[in-house]
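The values are calculated or read from the model by the stated rules, or taken from the named source; none is laboratory data. Everything quoted here is computed from the prediction, not taken from an experiment. Here Cβ is always computed from backbone atoms with ideal geometry, including for glycine, and neighbour counts include all displayed protein chains. The protein model used for the area step is the full one, side chains on, heavy atoms only, and it has no ligands, DNA or RNA in it. Shrake-Rupley method; radii C 1.70, N 1.55, O 1.52, S 1.80 Å.
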Amino acid sequence: MDFGVAGGAGGSEEAARRVRVRFTTKLGPPLRVPSAPLAVPSNLTRMGLSEIVNLLLENASAEHETQPFDFLIDGELVRLPLEEFLLAKGITAEKVLEIEYIKAVAPRKQQDPCLHDDWVSSVDGSNPSYILTGCYDGIARLWKGGAACTHVLVGHSGAITSAHIINGKDESENRFHIATGSKDRTLRLWKFDDAEHLEHPVNIREYKILQGHTSSVQSISSDPSGDMICSGSWDGSIKLWDVKNSEVQGDTVSIKKRKLVSDTANHVESQLEGVAASTLVGHLQSVSSVVWPERETIYSASWDHSVRQWDVQTGQETWNMACGKVLNCLDIGGESSALIAAGGSDPVLRIWDPRKPGTLAPVFQFSSHSSWISACKWHCKSWFHLLSASYDGKVMLWDLRTAWPLAITDSHKEKVLCADWWKNDSVISGGADSKLLICSGVSIQ
């Protein structure tokens, strides 16, 4: 079969050249095209290739709805006209060329923004029913379905810099614990239970205040069991805190009770204070980001230009990599959950593989942003996909199989300070425009 499809570039001589291709896919039967070889123009871009696949699918079923596809040749996403791509990669077109097509990764819908009273500094999308945000007004908020603010967490005396849902083994979608960190130098623990239907936002008070940092708390992460959390601070330290036993008075000698009058009731409620179970020391400047992906291992990024790995049991640093840049964000994911992504004081998102001995050079570098990178996050279901946010006002989606961003959202009118995935198919972000934005319909295979 011979296709002459719009979507390429160049003159009639280029358009006359053909390449024989066979389309393959791992998608289900409704999205599979016949495997017979086709002759297509050599100057087709991915848009033209997508048009061909959609035409084939429409021929097979009148109910097919046109959708965008991406294309892989030898495991790499096509981002050039077909002939240019083959030439750049040294791939011959003398034989039938196998091209795998996948659903294009890009947001297809943006919800109305959720407005805050100040900068949105932190978002957590790990719960499918609620989005947690932290704000510079000192308040954390829970947004049910990403639309209505149903719960307000009031207690901090300074801007919230980190808000984290603790996804432990005993937690559920509608009943969980929350940890927040603030410029007031404290962490606070909160209990959330959505057992009753609430028509209006309700104030929640913290049940425990964690003290010990001497400067702003910048980042919080929980261990996989949800029994403990760790915090990174502007004071250069990382502290570990016990969450599992934190509601029991007298569980350690460092816990004491103090009395507070509730803002939401006339009765007096008890509150606990506690100090860290241990402290990890080694960074020379602010610890901007911490991640606790495995029970015995914590990763941290710092303004001292380093990424470090820590042994939780011994409290010792086991790996140290200097990247030459102030670092703002860090995440662990990708292949076998082993790749380290980090961004900071330049427009480059860098990815390292610590399993590769003898080199500390990044295995991937993405440089489409135009300002500091404030957040990065791997997709939990994919080895290839991650997002980044920047002070340039943009959120970008990346695939390790191409150097170009898959999608760019620029709906924030000021700096983007935080971003995360939500429900595996949505991107959430907050910024200096005081908005929580939700872009949905992202198809990750």
- Using +1 on the beta carbon of Lys and Arg, -1 on that of Asp and Glu, and nothing else charged, what's the dipole of the chain about the Cα centre, debye to 20? 380
- Label-to-label distance, nm, for residues given as Arg295 and Ser35 (7 Å Cα→Cβ offset): 4.5
- Item | ³J(HN,Hα) computed for each position of the range 74-80 - Karplus, 6.51 cos²θ - 1.76 cosθ + 1.60, integer Hz, glycine/proline x | 6, x, 10, 5, 7, 10, 10
- If you roll a 1.4 Å probe over the chain with all protein chains in place, what percent of the accessible area is carbon or sulfur? 49
- Item | Among (1) 22.3; (2) 25.8; (3) 23.7, the entry that matches Kirkwood radius over Cα pairs in Å as calculated here | (3)
- Thr214 to Glu76: FRET efficiency via 1/(1 + (r/R0)^6), r the Cβ-Cβ distance, R0 51 Å, to the nearest 0.05? 0.60
- Note on the structure: Given unit charges at Cβ for Lys, Arg (+) and Asp, Glu (-), the dipole magnitude of the range 12-103 about its Cα centre in debye, nearest 20, is 220
- Message: Compute the angle between helix 46-60 and the longest alpha-carbon principal axis of the chain, please, reported from 0 to 90 degrees and rounded to the nearest 10.
- Response: 80
- Note on the structure: DSSP beta bridges in the range 109-440: the antiparallel percent, rounded to 5, is 95
- Whole-number accessible area per residue in Å² for the chain, which is evaluated in the context of all protein chains at 1.4 Å: 44
- Query: To the nearest 10 square angstrom, how much accessible area does Arg79 have with a 1.4 angstrom probe?
  - Reply: 40
- For the range 12-103, percent of DSSP beta bridges that are antiparallel (nearest 5) comes out at 70
- Any chance you could tell me what percent of the C-alpha pair distances in the range 12-103 go past 19 Å? 35
- Sort the following peptides by mean Cβ neighbour count (other Cβ atoms within 10 Å, averaged over residues), highest first: 134-144, 234-244, 313-323. 134-144, 234-244, 313-323
- Note on the structure: When the charge dipole of the chain is computed with +1 on Lys and Arg Cβ and -1 on Asp and Glu Cβ about the Cα centre, the Cα farthest towards its positive end, among Ala36, Leu132, Leu284, belongs to Leu284
- Item | Simple label model, 7 Å out from Cα along Cβ direction - Glu173 to Leu284, nm | 4.9
- Query: For Pro107, what charge total do you get from the other residues with a beta carbon under 12 Å from its beta carbon, if Lys and Arg give +1 and Asp and Glu give -1?
  - Reply: 0
- Mind listing the phi-derived Karplus ³J(HN,Hα) values for the range 334-350, rounded to whole Hz, using 6.51, -1.76 and 1.60 with θ = phi - 60°, and x for any glycine or proline? x, 4, 6, 6, 10, 8, 10, 10, 8, x, x, 7, 8, x, 9, 8, 10
- Using Cα pairs closer than 8 Å and at least 6 residues apart in sequence, work out the relative contact order for the chain, in percent. 12
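Going through the cross-link list Lys208/Lys239; Lys109/Lys144; Lys26/Lys377; Lys109/Lys413; Lys26/Lys394, which pairs have a Cα-Cα distance over 23 Å in this structure?
Where the Cα-Cα span goes over 23 Å, the pairs concerned are Lys26/Lys377; Lys26/Lys394.
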- Message: Could you work out [θ]222 nm for the chain from helices alone, using -39500 (n - 2.57) per DSSP H run of at least four and dividing by all its residues? Round to the nearest 500 deg cm²/dmol.
- Response: -2000 deg cm²/dmol
